[in-house]
Amino acid sequence: MIESIELTNWKTHSHTTMRFQRGVNVLIGVMGAGKSSVMDAISFALFGTFPTLKSKSVSTKELISTRPKVQDSAEVKLTFTIGGERYTVYRKLSKRESTFARLEKGGNYIQTQAERVNEEVSGLLKIDYDTFSRAIYAEQNRLDYFLELAKGDRKRQIDQMLGLDNFSRAEENSTSLINSIRNRVKDDEANLSQLDVKHYKAELEKLGVEREKLLEEQQMLSTASDESKKEVKQIESRLSMSKKEQERRNSLAKEMEVTKGRINTIKAEIEKLGELKDSSAMIEKRISEIKSEHERLEREVRELKSKESASLKKLAEIEAEMRSSETKVKELEKIKGALDASPLSKAERDLVKLQEDLEGHTKELAVSDSRISEAKKALSELEKHISKCPVCERDLGEELKERLVRDKKEMLAKTEDDIKTVRVRVSALRDEVKRAKEAHEKALTNSKSVEGYKELVEALPRIKEKAVAERKLHENTSASYEKSYSRLDPLSKELSGLAIKLDSARRLERYSKEVSQLQESEAAKSSELAKIKVDDKGIELLQSALIKASKSLSESESKSESNSRYLKSLDAQISERAKSVAKVVELEEKVERMRGMVSSMNRFKSALVETESSLRGRLVSSINALMQEVWLQVYPYGDYPAIRLNASNDDYLLEACTGTGPEGSANWVDINGIASGGEKSIACLAMRISMSMVIVPNLRWLILDEPTHNIDENGIGKLVQILGESLPRIVDQVFIITHDSALKNIGGARVYQLGRDKSKNEPTSLLEL
């Protein structure tokens, strides 16, 4: 049983929760109120899809609510019981992520992957989505829908409900496949008639004989080629040794010529150098002594130069200090003269006096302002229409009042004139105080500046003496530097001369040693040259023999290569002929196989037809047996004691029994021609229930979408009675989707009223009646 469903942002539902009962559950509402979307949600929760989503008429993004505002996700939560256990399926759609699914049992997770959840639910309910959509849930189709279809369409749709349409498709596919195989057999037989297999085999045998002869010739050429290669290798080895000896002989001769030339050149250089008195060792010793003295003098010169620079820098600093002190003494003498002319004490007295005058006038100005304020207040009181004095509260006559007002105004004008005079004096005093402060600050600064005057005057002679001493030190240091620097030049010249002599001595010693080594090398090469015995004519004979052997080898290899190319051509022809023969054999075998396939497919097609007919008969028989029981429950009248579904080759007819014929057999008539609209709807309801219970015997659920369509008022009344009294005894749980308010009167039903103000783009509202 489906216990409840909770929808969040699903189509027009913002947040809807419904609890269902065993028996009949009715969802009533106008078109677009969101009734059918509840059934879509049930199918989606169980199997992850529903008819319009399966056919791609809508996308998953379109299931997410857009009213009253666009949402990013939607959620469906369904609780159902099966086998005494309670299960909850939760699915979430998102515009940014893939669909999420979760199946719980008693609050514990069982599966959390969408595909696995579908499989688990199908296993629990023992049906898949296709069976569910055929047997339990059908979109808005009125009950008598099948009666109004043309017979071909009716047969196709009922076969589809019963799952027999797969047999029809299989038969059609079998026929198409048989025809396709037969056409291919004809094409292959036509191709076989154009192929001469005997001719191919004769050519293949001829090419094989030619190939064997060519292989024998290749073997002979290979043997001859190997012998020629061996001979060429031996000649090349002997010729290589002779050429190496010849090259060594020529090389030694050239090296001896070079050695003699080098000896003569060196002897000429020795003559140019002449004889030297001192050896290179003695010259190196003298150079070392002079270098030591030279380096000592250089260090001394650098030290004197550094002292001279330091002395000069210090002298410049002392002279700069002396000039600065002299300038400061002159400036301080001017400041001292200015301070004597205007002492600091006088400036302080003047400033204090002016500040006292400013403070007195400021207080006087404040008192005058207070008097004016009081006078204005009194004048304001007098000018009001009062009969008593505001101060002493005595009676005031008009004359006295006018006199008092006049006196007050005169006093106020005089006080204001006095204030103006005081304000001018205060402004002037402020300027004088400002100037006095500046004069005081300047006198104070001058007083501080002359404090160090005495010390500076006393220090100036000492600075001058220090400058004279430093200048004398600098002159002495400069003289020492010039004296030491003048001694460096003779030593540098002597070092240059000794370096030239050292180079000549070293070259003479090196030349003498090299001549000795060259003479020894010349003697060794002359001895080696005498041992080399090489015959130029013998080399020529070996070269001629090599050319002859190489030519013979080249001819053998050329012939062998030509034969190899021809052998490849023969192999290609043999392969081509062998392929042609194999192709013919393969084609013959293929034709035989396809003939066998046609025979097998014909047997399979016949089996499909027989199986479909047998299964249809069994299903219709089961449906009719069950439908008779249902009919007696839903139609307790005697005019039609029984109904049945009659299956023929091209149609299904829903027939009613109108009694017995002359021979005692039942008289069956097409119900479409004799029954009223309500009776036809009840008969179709019995057929729907029977089909559902045959297809899904373990799950007694039924969903009816707009079942009152095309039924008159009397028919609706009968249907309400059947749905409330008879149907709950047959089906465990019924869901009715309708806009007809008459169905809310079904006895014992749980009724939900769904509404939505589409003009305001509001979400679905829910009311349990």
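The values are calculated or read from the model by the stated rules, or taken from the named source; none is laboratory data. On a predicted model such as this, the values are computed, not experimentally measured, just so you know. Quick reminder, even Gly has a Cβ in these numbers, built from the backbone with ideal geometry, and neighbours come from all protein chains shown. The area values use the complete protein model at the heavy-atom level, side chains included, leaving out ligands, DNA and RNA. Shrake-Rupley method; radii C 1.70, N 1.55, O 1.52, S 1.80 Å.
Tabulated results
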{"item": "Of all residues making up the stretch 95-113, the number that are more than 15 Å from Ala41 (Cα to Cα) and touching a residue at least 24 places away in the same chain (Cβ under 8 Å)", "result": "2"}
{"item": "Any hit, the stretch 228-243, residues being part of a helix (DSSP H, G or I) and more than 30 Å from Ser550 (Cβ to Cβ)", "result": "no"}
{"item": "Test: Ser552 is modelled with pLDDT of 80 or more and under 30 Å from Glu269 (Cα atoms)", "result": "no"}
{"item": "Unique residue being under 30 Å from Val121 (Cα atoms), at pLDDT below 85 and open to solvent by less than 40 Å² (accessible area, probe 1.4 Å) when the list is Ile689, Ile682", "result": "Ile689"}
{"item": "Qualifying residue in the stretch 138-149 (condition: touching a strand residue (DSSP E or B) at 6+ places or on another chain (Cβ under 6 Å), open to solvent by 60 Å² or more (accessible area, probe 1.4 Å), of a type in the set (S, T, N, Q) and in contact (Cβ under 8 Å) with a residue 40 or more places away in the chain)", "result": "yes"}
{"item": "Asn672 being within 60 Å of the chain's Cα centre (by Cα) and open to solvent by 50 Å² or more (accessible area, probe 1.4 Å)", "result": "no"}
{"item": "Answer residue from the stretch 209-239, given it is farther than 30 Å from Asp535 by Cα and polar (S, T, N, Q) and is least open to solvent (accessible area, probe 1.4 Å) among those", "result": "Ser225"}
{"item": "Neighbours by Cβ (under 7 Å, 6+ apart or cross-chain): first from the stretch 559-587, within 30 Å of Val185 (Cα to Cα); second open to solvent by 90 Å² or more (accessible area, probe 1.4 Å) and of a type in the set (Lys, Arg)", "result": "Val581/Lys201"}
{"item": "Residue list for the stretch 199-208, filter: open to solvent by 80 Å² or more (accessible area, probe 1.4 Å) and without any contact (Cβ under 8 Å) to a residue 12 or more places away in the chain", "result": "His199, Glu205, Lys206"}
{"item": "The stretch 227-272, subset modelled with pLDDT of 80 or more, of a type in the set (Asp, Glu) and in contact with a helix residue (DSSP H, G or I) (Cβ under 8 Å, 6 or more places away or on another chain), residue nearest to Ser521 (Cα to Cα)", "result": "Glu255"}
{"item": "Filter result for Lys61 (crowded, with 22+ Cβ neighbours inside 10 Å, touching a residue at least 12 places away in the same chain (Cβ under 8 Å) and charged (D, E, K, R))", "result": "no"}
{"item": "Total residues in the stretch 419-438, condition over 17 Å from Glu356 (Cα atoms) and of a type outside the set (D, E, K, R)", "result": "2"}
{"item": "Out of Ser242, Ser228, sole residue that is polar (S, T, N, Q) and touching a Gly at 6+ places or on another chain (Cβ under 9 Å)", "result": "Ser242"}
{"item": "Residue within the stretch 709-718 that is more than 56 Å from the chain's Cα centre (by Cα), touching a residue at least 24 places away in the same chain (Cβ under 8 Å), within 23 Å of Ile82 (Cα to Cα) and surrounded by fewer than 18 Cβ atoms within 10 Å (Cβ to Cβ) present", "result": "no"}
{"item": "Count - residues of the stretch 712-747 that are of a type in the set (Gly, Ala, Ser) and in contact with a helix residue (DSSP H, G or I) (Cβ under 6 Å, 6 or more places away or on another chain)", "result": "4"}
{"item": "Only listed residue being surrounded by 12 or more Cβ atoms within 10 Å (Cβ to Cβ), out of contact with any strand residue (DSSP E or B) (no Cβ under 7 Å at 6 or more places or on another chain) and not in a helix (DSSP H, G or I), chosen from Val515, Val534, Val598", "result": "Val534"}
{"item": "Tally, over the stretch 496-548, of residues that are of a type in the set (Gly, Ala, Ser) and closer than 27 Å to Ser251 by Cα", "result": "11"}
{"item": "Some residue of the stretch 280-299 being in a loop (DSSP other than H, G, I, E, B) and either among the polar types (S, T, N, Q) or in contact (Cβ under 8 Å) with a residue 60 or more places away in the chain (or both)", "result": "no"}
{"item": "Matching residues, the stretch 399-437, being open to solvent by 100 Å² or more (accessible area, probe 1.4 Å) and either closer than 17 Å to Lys363 by Cα or touching a Gly at 6+ places or on another chain (Cβ under 7 Å) (or both)", "result": "Lys420, Arg423, Val424, Arg430"}
{"item": "Evaluation of Ser599 against (1) closer than 30 Å to Val185 by Cβ; (2) touching a residue at least 24 places away in the same chain (Cβ under 8 Å); (3) not basic (Lys, Arg) (one fails), failing number", "result": "(2)"}
{"item": "Residues located in the stretch 736-759, provided they are open to solvent by 40 Å² or more (accessible area, probe 1.4 Å) and within 30 Å of Lys69 (Cβ to Cβ)", "result": "His739, Gln753, Arg756, Asp757, Lys758, Ser759"}
{"item": "Filter result for the condition that a residue is under 30 Å from Tyr129 (Cα atoms) and either open to solvent by less than 90 Å² (accessible area, probe 1.4 Å) or not polar (S, T, N, Q) (or both), over Asp159, Asp196, Asp188", "result": "Asp159"}
{"item": "Matching residues, the stretch 656-669, being on the phi < 0 side of the Ramachandran plot and open to solvent by 20 Å² or more (accessible area, probe 1.4 Å)", "result": "Thr658, Thr660, Gly661, Pro662, Glu663, Ser665, Ala666, Asn667, Trp668, Val669"}
{"item": "Residue in the stretch 722-735 that is touching a Ser or Thr at 6+ places or on another chain (Cβ under 6 Å), open to solvent by less than 50 Å² (accessible area, probe 1.4 Å) and in contact (Cβ under 8 Å) with a residue 40 or more places away in the chain present", "result": "no"}
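Listed here are the residues, each with its yes/no results for (1) open to solvent by 20 Å² or more (accessible area, probe 1.4 Å); (2) farther than 30 Å from Ala683 by Cα; (3) aromatic (Phe, Trp, Tyr).
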{"residue": "Val76", "(1), (2), (3)": "no, yes, no"}
{"residue": "Ser94", "(1), (2), (3)": "yes, yes, no"}
{"residue": "Glu115", "(1), (2), (3)": "yes, yes, no"}
{"residue": "Glu119", "(1), (2), (3)": "yes, yes, no"}
{"residue": "Gly123", "(1), (2), (3)": "yes, yes, no"}
{"residue": "Lys126", "(1), (2), (3)": "yes, no, no"}
{"residue": "Phe167", "(1), (2), (3)": "yes, no, yes"}
{"residue": "Ala170", "(1), (2), (3)": "yes, yes, no"}
